[in-house]
Amino acid sequence: MADSRAASIEGIFYTGESSQGIQAVLDFDARSGRVTLTEVMTGSAEDSAALVKQPRKKRLFSSLLTDLTIPPRLANTRRRLALGNGAAFVTQDNDSIDALAERALALSRLSVGDATRGFSGNWLYRLESNRGAVAACFFAIIVIASFTIVYGIPIAAKRIAYAVPQTVQNSMSEGTLELLDSLYLSPSELPSEEQARVLALASAAIEGVGITSYAVELRTGIGPNAMALPDGTIVITDDIVELSANDDELLAILYHEIGHLQNRHLLRRVLQSSFVSLGLIVMSGNVETVDTLIALPTFYLDMSYTRDFEIEADRYALQSLKDRGLSVDNFSAIMNKLEESLNRIGVDEDADEPTSRTARRQRELLKYFASHPLTSERLALVEEYRD
């Protein structure tokens, strides 16, 4: 529509009461400033000839142009003009609608005495048509998303985690140990005297840092390991006790788990993973594709967050050992033993098939539950805390 002073725009009219569309034409009269919507009469050639002799047009809608809300253009998608009471006019003639929008804005400005030049085109259409602008927006989205993932989500999760009452944490952890017992763990096989000694050592360490609501559980079944649940429960396996050459090495493991408790790492990990998953769902706009679009990026982000938590727990353990006059070498010693133990599991190729299968299963379980993956970076922390 090159001339917006008099215009006819073809489209479809929807009454809002039915999904059935009506072929219609929107006409603009520059003298009155009104738009009128009339039905397009269709029929046979004879009917058309009769209509020429005696035109019959059904008026569907009439309004001042300045009273219409014209939506911005988005590429060449159809435009939908809301007419009130659920009625709408839909057209593919974007150029004519753009011209009509120019005229509407010019009339609006003239009505308030503004003689400035009218608006030419809408900003959204111009933006998405400009490659430089699109590239800049894409770059800005990447920067904002990266900042949110690296800083925003962890900060938000940490604040929320510290605001969660203990009763809620207890509720979250309820049944977790029972589930682990039913799937992987078995009762401790340590002698009763040894169990009592380990429980006393762990209780003293936990109470020594000011934690009053806790529980210590001894189990076996997943190799040398220890884990902390949000409600204050620390699980210690027989293998980690037997792997420790002395109480100081076992204390290094305990302080690491206490570090997870003090910093609410498990709760923060759950919150952060939930935020990432929710964000990816919103970005993808399709919940049905959660498995394929969300699982992999969420896994890698979760691994990144977990690595940060492990370093934080390591620092807590090393500082705790140092504060109590214990050598930080105990930390590196038990970590080295954990790595050696992990490497030994399932490597006996000469063993019987059932034994090899069991060993492989135990190795996979240990890898899954291991909260102390050994890296040179983690061991390098020991040097920072060495006297």
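Do any residues in segment 324-335 that are assigned by TED's automatic domain parsing to the domain that holds Leu250 and more than 16 Å from Glu384 (Cα to Cα) have Cβ atoms under 6 Å from those of residues that are in a loop (DSSP other than H, G, I, E, B) and aliphatic (A, V, I, L, M), where the two are at least six apart or on different chains, and which pairs are they?
Met335/Leu374
Check whether at least one residue in segment 193-200 is of a type in the set (Gly, Ala, Ser) and on the phi > 0 side of the Ramachandran plot, and report yes or no.
No.
What is the residue count in segment 183-211 for residues that are assigned to a helix (DSSP H, G or I), among the hydroxyl-bearing types (Ser, Thr, Tyr) and at pLDDT below 90? If you could, list the steps in order and put the result at the bottom.
To start, the set of residues in segment 183-211 that are assigned to a helix (DSSP H, G or I) comprises 183, 192-208.
The next check asks that each one be among the hydroxyl-bearing types (Ser, Thr, Tyr); those that pass are 192, 203.
Among the residues that remain, those that are also at pLDDT below 90 are: none.
Number satisfying all stated conditions: 0.
Given the structure, is Glu189 among the charged types (D, E, K, R), in the same structural domain as Leu250 (by TED's automatic domain parsing) and in contact with a Ser or Thr (Cβ under 8 Å, 6 or more places away or on another chain)?
Spelling it out, Glu189 is indeed among the charged types (D, E, K, R), in the same structural domain as Leu250 (by TED's automatic domain parsing) and in contact with a Ser or Thr (Cβ under 8 Å, 6 or more places away or on another chain).
Quick check on my filter: what residues within segment 168-207 are in contact (Cβ under 8 Å) with a residue 24 or more places away in the chain and more than 20 Å from Asp239 (Cβ to Cβ)?
Answer for segment 168-207, where residues must be in contact (Cβ under 8 Å) with a residue 24 or more places away in the chain and more than 20 Å from Asp239 (Cβ to Cβ): Gln169, Asn170, Met172, Ser173, Glu174, Thr176, Ile206.
The values are calculated or read from the model by the stated rules, or taken from the named source; none is laboratory data. Predicted, not measured: the structure shown is a model, and the values here were computed from it. For neighbour counting, all protein chains shown are included, and Cβ atoms are generated from backbone atoms with ideal geometry for every residue, glycine included.
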